[in-house]
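What follows is a short report on a single structure.
The values are calculated or read from the model by the stated rules, or taken from the named source; none is laboratory data. If you're wondering where the values come from, they're calculated on a predicted model, not measured in any experiment. For neighbour counting, all protein chains shown are included, and Cβ atoms are generated from backbone atoms with ideal geometry for every residue, glycine included.
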Amino acid sequence: CRLKYETIPNLEKAIQKAENIEDEKILKEVVDEELIATILSRWTKIDITKLTGSQKDKLLNLESYLASQVKGQAKALQVVSEAILRSKAQIQDEKRPAGSFMFLGPTGVGKTEVAKALAFQLFDDESKIIRIDMSEYMEKHSVSRLIGAPPGYVGYDEGGQLSEQVRRHPYSIVLLDEIEKAHPDVLNILLQILDEGHLTDNKGVLIDFKNTLIIMTSNLGSEFAFESDSKKREHLYEEVVARHFKPEFINRIDEIVIFNALTHEAMGQICDKFIMELNQRLAPQGLFIELTDEAKDRVLLYGSDAIYGARPMKRHIQKEIETLLARKIIAQSVSEGDNLIVDVIDNNYVINKKEILLS
């Protein structure tokens, strides 16, 4: 098993790498555009495609790409996409961050998934997210953790958790989870970033946030997610935000985006997406899996949760279907090239090889 899935693939990669090296010249006699872009990419941490390629198509198709990754949030995705388009067209104030959003809604409805999709589409890397849990910044002294400890205090040389990461990775998404839990002094620091697009750290270094996209998530008002009247729901959200945050903070956010509770139709689309992602992970082993209608109905029955969103479904698929599949892979009862189908018998999942009828 190790020979098949580790040794042989590693040897194939090594052979391919050696062949690629042979095709390239060892030394370049001319300094060309690609070489300059490569050097600048190393200096600035900007992906090379952002220096040599055009983002036009990605930006114009941003909303449709987000819709392919996040289901059931059409209006929220439209608001986010349009705000980013305005920023990239340099219509907005260039001194401020590329975009700033507050995502409101119950847990498990796609707020973090939007951040990941934006990171991939705008920065070519889903990991270009500086994620900070604001529940760790509930006390006054926690400000120093964001921008670094003052001289003479422990941690002075380490830099701040926010300022240092943005200094090293200026083209990133800053994801501030549970922003409502942050201390008011922490919000004052964020106010400066939203207003001026920069921050001075503990060493006096000016940290530029102009190329970051700032996303704050909050569960404030999540109890209103099931209000059927959309205008009334928006009004209730606005009221709870106004009670919790100062007007000057709210006014500096580009868009407050409200995420809906997931409908049954959206949950079905999310189920399809989870299975598609599973197939992407199975592709190196040459396997493909699909659900019967009965199996999908069972996933929706036991995996859907109005309060916790799509996360219980993901756990259900992992525990019930992926575990069953893993047993078959380890037992070698499935092999490369097999098309598998998940069905339900006696209220339990079963996985069988799909029979291919030859005409």
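What's the number of the only condition in (1) assigned to a helix (DSSP H, G or I); (2) crowded, with 22+ Cβ neighbours inside 10 Å; (3) polar (S, T, N, Q) that residue 121 fails to meet?
(2)
Outside the structural domain of residue 222 (by TED's automatic domain parsing) and charged (D, E, K, R): which single residue out of 252, 327, 243 fits that description?
Exactly one residue qualifies, and that residue is 327.
If the requirement is being of a type in the set (A, V, I, L, M, F, W, C), surrounded by fewer than 23 Cβ atoms within 10 Å (Cβ to Cβ), modelled with pLDDT of 90 or more and closer than 28 Å to residue 226 by Cβ, which of these qualifies: 114, 79?
Exactly one of 114, 79 is of a type in the set (A, V, I, L, M, F, W, C), surrounded by fewer than 23 Cβ atoms within 10 Å (Cβ to Cβ), modelled with pLDDT of 90 or more and closer than 28 Å to residue 226 by Cβ, namely 79.
Please verify whether segment 263-270 includes one or more residues that are under 25 Å from the mean Cα position of the chain (by Cα) and of a type in the set (Ser, Thr, Tyr).
Looking for residues that are under 25 Å from the mean Cα position of the chain (by Cα) and of a type in the set (Ser, Thr, Tyr), one finds at least one in segment 263-270, hence yes.
Based on what the data block shows, is residue 89 surrounded by fewer than 16 Cβ atoms within 10 Å (Cβ to Cβ), modelled with pLDDT under 90 and in the same structural domain as residue 221 (by TED's automatic domain parsing)?
yes
State yes or no: is residue 210 among the basic types (Lys, Arg) and either touching a helix residue (DSSP H, G or I) at 6+ places or on another chain (Cβ under 8 Å) or under 19 Å from residue 242 (Cα atoms) (or both)?
no
Name the residue, out of 286, 309, that is in contact (Cβ under 8 Å) with a residue 40 or more places away in the chain, surrounded by fewer than 16 Cβ atoms within 10 Å (Cβ to Cβ) and among the small types (Gly, Ala, Ser).
286
Please count how many residues of segment 227-250 are touching a residue at least 40 places away in the same chain (Cβ under 8 Å) and more than 25 Å from the chain's Cα centre (by Cα).
4
For segment 184-204, does any single residue satisfy the condition of being of a type in the set (Ser, Thr, Tyr) and either buried (at least 18 other Cβ atoms within 10 Å of the Cβ) or in a helix (DSSP H, G or I) (or both)?
no
Is segment 155-171 home to any residue that is within 22 Å of residue 57 (Cα to Cα) and modelled with pLDDT under 90?
Yes, there is a match, as at least one residue in segment 155-171 is within 22 Å of residue 57 (Cα to Cα) and modelled with pLDDT under 90.
What number of residues within segment 215-239 are in contact with a helix residue (DSSP H, G or I) (Cβ under 7 Å, 6 or more places away or on another chain) and not acidic (Asp, Glu)?
10
Looking at (1) closer than 21 Å to residue 98 by Cα; (2) crowded, with 19+ Cβ neighbours inside 10 Å; (3) at pLDDT below 90, can you tell me which one residue 221 breaks?
(1)
Please pick out the residue among 69, 16 that is modelled with pLDDT of 70 or more and either among the hydrophobic types (A, V, I, L, M, F, W, C) or surrounded by 12 or more Cβ atoms within 10 Å (Cβ to Cβ) (or both).
69
As an exercise: evaluate residue 56 against (1) basic (Lys, Arg); (2) modelled with pLDDT under 90; (3) touching an Asp or Glu at 6+ places or on another chain (Cβ under 8 Å); (4) surrounded by fewer than 18 Cβ atoms within 10 Å (Cβ to Cβ) and give the number of the one condition it does not meet.
(3)
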